[in-house]
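Following: one structure in structure tokens, then a few remarks.
The values are calculated or read from the model by the stated rules, or taken from the named source; none is laboratory data. What you see is a predicted model; the values in this text were computed from it and never measured. Ideal geometry is used to build each Cβ from the backbone, glycine not excepted, and the neighbour counts take in all protein chains shown. In case anyone asks, the SASA skips ligands and DNA or RNA and just uses the protein heavy atoms, side chains included. Shrake-Rupley method; radii C 1.70, N 1.55, O 1.52, S 1.80 Å.
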Amino acid sequence: MNRMVFAVVALILLSLHGCNTPVVESKKPKRLYIASDFLTPADSILFKDFKKRERIKIVILPMSVDSIVAHYNEKKYNSTFDLVLMKSTYALDFLAKNNVLHTIEETHTWENKGFVAPQSDWMILGLDPYVITGAEKNRGFQYNELTYGKKWKNELNQQEMAAFQASVLFQFGRKNMNKSLTWLEKIEGQTATPGDTVQTAPYVLSRLSHVQKDGKLFVYPNQSIKFGVFYDGVGVGIIRQASKYTAALSFISYYSNLVYNQKLCNRLHLLPVQNPNGMSSFSYQNDYPILFRCTPRDMVMQFRDLKRIRKRI
């Protein structure tokens, strides 16, 4: 009988102890939501290595930059995504100016601050140079050749062209805005439109991500004079009050690793942020061009003037 009483008391004590013991939950989130203006849900496979290591599912939410701002303004702390991955510096800067993004800890950003936002609320993960198709690779090509002669085709939209135009403003400087305007007016005047009946040159202004994806031959302009190719950046930012902030930081840290950055850029048809110096597993990345000195950080300083210039072109 005494044994029976002891057993009952023991069970009661164990039960009470169990009720007061907190449930141990995994700190690893199950899903990381990324809003992007150029990826689709199927593109989550691009991040398969990170998904495997972190045991986390990547969910891509296709959204325009305006939709991201509108969503954040409505939902605030209840936003349905944690990260943004945008195809242009212009889009990243637009989100930053609308106070959508959270500061990224310095220990998680590039040492070269030219690829980090002035307020450290976004950073570049891959470079997308402005390239030319239809030109002879061995003779060299200068962007200035697009300002005269036969007309040529531009397959880029206004957002994709923003970094190109900002680089022009940077080159001439704020004291020479009229020179920037004149040059951009010339290049606009030489751009073929659907209604043109004149014979056009075979040149097409594009970006590496487009031509590399389609396997087209291209040249990096401004290499023979060591001036450097204009380029834009594909970059990432963390939403303010992101529910998966730690996982978002892990994502940024993972893809800023030199090897993993090269792999991701290859999947996105971009150049890695740092020159591989012949050490990349992807041959096209080892053909690293001379870059124009205007960095993404410099570009954002030109966007305000660019808005005024565009109204006059």
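Remark on A192: its backbone amide H falls under 5 Å from those of W152, K153, N154, a criterion applied only to residues 5 or more positions apart or on other chains, H modelled at 1.01 Å from N. Near L101, the amide H atoms lying under 5 Å from its own belong to R240; only residues 5 or more places off or on other chains count, and H is placed 1.01 Å from N.
Would you calculate a helix-derived [θ] at 222 nm for the chain, using -39,500 (n - 2.57) for each DSSP H run of n ≥ 4 and dividing by the full residue count, to the nearest 500?
Working: 12 runs with 120 residues, N = 313.
One gets -11500 deg cm²/dmol as the mean residue ellipticity at 222 nm.
In loop segments of region 58-117 as defined by DSSP, there are no trypsin sites (Lys or Arg not before Pro) with at most 12 further C-beta atoms inside 10 Å of their C-beta.
Return one whole number: the accessible area per residue of the chain in Å², for a 1.4 Å probe.
On the way: 16730 Å² over 313 residues.
Here the residues of the chain average 53 Å² of exposed surface.
Enter the mean projected area of the convex hull around the alpha-carbon atoms of the chain, in nm², rounded to one decimal. Before the final figure, lay out the partial values.
Values: hull surface 88.6 nm².
Over every viewing direction, the Cα hull of the chain projects on average to 22.2 nm².
The 3J(HN,Hα) values that the Karplus relation (6.51, -1.76, 1.60; θ = phi - 60°) gives for region 145-154 are, in residue order, 5, 7, 9, 8, x, 6, 6, 9, 10, 10 Hz. Gly and Pro appear as x.
Of the whole protein surface, T246 contributes about 110 Å² of accessible area at a 1.4 Å probe radius. Counting every C-alpha pair in region 76-164, the share spaced more than 17 angstrom apart comes to 62%.
Full extension of the chain segment joining F38 with Y284 gains 86.3 nm, where the gain is 0.36 nm per residue of separation less the Cα-Cα distance. Across region 77-85, computed HN-Hα scalar couplings (Karplus, 6.51 cos²θ - 1.76 cosθ + 1.60, θ = phi - 60°) run 5, 9, 4, 8, 9, 10, 10, 10, 10 Hz from first to last residue, x flagging Gly and Pro. Around the amide H of D232, modelled in the peptide plane, lie the amide H atoms of D128, Y130, all under 5 Å away and 5 or more residues distant in sequence or on another chain.
What the Kirkwood sum gives for region 225-271 is a hydrodynamic radius of 12.7 Å, with every pair of different alpha carbons counted. For region 244-313, what does the alpha-carbon gyration tensor say about shape, rounded, prolate or oblate, given a ≥ b ≥ c as the root eigenvalues, a/c under 1.5 as rounded, and a/b over b/c as prolate? Oblate shape, in that a/c is at least 1.5 and b/c is the bigger or equal ratio.
Available extension along the chain between N275 and R293 is 5.0 nm, counting 0.36 nm per residue and deducting the alpha carbon span.
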